[in-house]
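The values are calculated or read from the model by the stated rules, or taken from the named source; none is laboratory data. Since the model is a prediction, treat every value here as computed from it, not as a measurement. Positions of Cβ are backbone-derived with ideal geometry, glycine not excepted, and every protein chain shown enters the neighbour counts.
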Amino acid sequence: MPVISKSHEFDVSDLFVNLQPVFRRRLFLKVEGFNFAGSIKLKAAREIIAQAEASGVLTPGATLVESSSGNMGVALSMLAAGAGYRFVCVTDSRCNAATRRMMEAFGAEVHVVTEPHETEGLLGARLRHVEALCAADEKMVWLNQYLSAGNWMAHHGTTAPAIAKEFPDLDVLVIGAGTTGTLMGCARYFRETRPHVKIVAVDSVGSVTFGGPAGRRLIPGLGASRRPPLLDESLIDDVVMVPEIETIRVCREMTRHGFLFGGSTGTAVSGALTWLAAHHPDGDVTAVTISPDMGERYIDTVYRGEWVWDSFGSALVGNEVPGDLQVVSG
Ligand SMILES: Cc1ncc(COP(=O)(O)O)c(C=O)c1O
């Protein structure tokens with residue numbers, strides 16, 4: 001058992017779930033939700049803060065500010081509390097209530113943007129709010145996870161090597177795209193060390209990251225309403241777009257096997273299954289994808305029949321009605 005004195009020192013980095021019994025595919029899920037921030041964003045937050053401190057941008061007494069759909073905000077709230085920084089998180093109406101309250105419990109100030117920017121959606125509105133805060137107070141330090149190299153370098157240095165170590169025979173790596181920090185860090189690592197590994201990006205339908213039309217997205221974590229500046233598409237072999245109703249179906253399928261994962265895990269797994277079915281129907285490859293967080297924060301959304309019904313009812317009564325959702329929505 002490890003003994004720690006700072007909450008960020010504990011982070012399970014070697015846990016994988018074999019999804020073969022669930023989906024009958026050689027697909028493994030790297031679980032990133034077991035740390036005190038509850039998500040993969042702890043890795044990026046730690047590296048971004050370390051780089052800002054090392055470069056002298058971040059000094060004692062500073063106020064950190066960041067735009068986050070939730071998990072980065074929780075990770076920064078936790079790290080800021082431990083290091084004695086003040087932290088202002090700018091999020092939007094998609095952020096789960098529990099996530100917001102968690103940030104506040106760590107002492108963060110949370111600003112919730114509810115009006116989307118006319119062309120760049122809620123993300124555009126959040127970024128403009130951060131810019132206004134920085135313009136009004138010179139003590140504010142915007143870490144900017146959308147631009148900071150620490151975001152992808154964290155995964156290049158930890159997440160990707162952990163996957164490589166566990167899977168010397170890896171064929172396909174499937175990764176969800178939010179800021180694209182995880183995707184870019186892992187893609188660069190495998191391009192450098194094992195270029196034959198296929199890199200497949202997964203995004204939510206309604207995200208503009210890979211050039212698709214903007215649309216409604218309710219589940220936080222993946223997708224963007226403006227193109228992530230960290231993204232370098234030359235490092236990616238393929239992209240799979242997943243409708244949120246599929247995200248929910250896959251999340252709920254995993255609960256039937258005793259695994260309660262966050263929404264974006266369902267998207268990543270769904271994307272992996274779609275890609276594998278199209279490219280390797282014989283199941284002759286080894287694939288890994290990543291679970292960014294666990295399911296507790298999604299109990300009132302992804303895992304609540306009423307929310308699913310209210311949010312996707314029109315999709316449920318359409319042609320393609322996922323059987324399990326018929327049960328929960330009644
Ligand atoms: C739940 C969840 N999944 C996926 C992601 C995407 O990770 P990245 O920003 O590294 O692309 C995030 C990022 O905030 C997240 O919170």
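For the subset of segment 258-309 comprising residues that are more than 16 Å from the ligand (Cβ to nearest atom) and among the aromatic types (F, W, Y), which member is surrounded by the fewest Cβ atoms within 10 Å (Cβ to Cβ)? Don't jump to the end; show me each part of the working.
Applying the first criterion (more than 16 Å from the ligand (Cβ to nearest atom)) to segment 258-309 yields 258, 273-287, 304-309.
Next cut, among the aromatic types (F, W, Y) only: 275, 307, 309.
On the way: W275: 22, W307: 18, W309: 16.
Across segment 258-309, the extreme among qualifying residues is W309.
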Any chance you could count how many residues in segment 45-75 are part of a helix (DSSP H, G or I) and within 11 Å of the ligand (Cβ to nearest atom)?
6
What is the number of the single condition among (1) aromatic (F, W, Y); (2) within 16 Å of the chain's Cα centre (by Cα); (3) away from the ligand (no atom under 14 Å from the Cβ) that F190 does not meet?
(2)
Here are the criteria: (1) without any contact (Cβ under 8 Å) to a residue 24 or more places away in the chain; (2) more than 19 Å from A125 (Cβ to Cβ). Tell me which single one R227 does not satisfy.
(2)
Evaluation of R101 against (1) without any contact (Cβ under 8 Å) to a residue 40 or more places away in the chain; (2) touching a Ser or Thr at 6+ places or on another chain (Cβ under 6 Å) (one fails), failing number:
(2)
Could you tell me whether segment 9-20 includes any residue that is more than 21 Å from R128 (Cα to Cα), crowded, with 19+ Cβ neighbours inside 10 Å and touching a Lys or Arg at 6+ places or on another chain (Cβ under 7 Å)?
yes
Conditions (1) away from the ligand (no atom under 14 Å from the Cβ); (2) among the hydrophobic types (A, V, I, L, M, F, W, C); (3) buried (at least 18 other Cβ atoms within 10 Å of the Cβ): number failed by I199
(1)
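Given the condition in a loop (DSSP other than H, G, I, E, B), in contact with a helix residue (DSSP H, G or I) (Cβ under 7 Å, 6 or more places away or on another chain) and either over 21 Å from A136 (Cα atoms) or more than 16 Å from the ligand (Cβ to nearest atom) (or both), answer yes or no: does some residue in segment 80-92 qualify?
no
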Boolean, A268 is part of a helix (DSSP H, G or I), in contact (Cβ under 8 Å) with a residue 60 or more places away in the chain and not assigned by TED's automatic domain parsing to the domain that holds R101:
yes
Quick check on my filter: what residues within segment 290-313 are part of a helix (DSSP H, G or I) and either modelled with pLDDT under 70 or charged (D, E, K, R) (or both)?
E296, R297, E306, D310
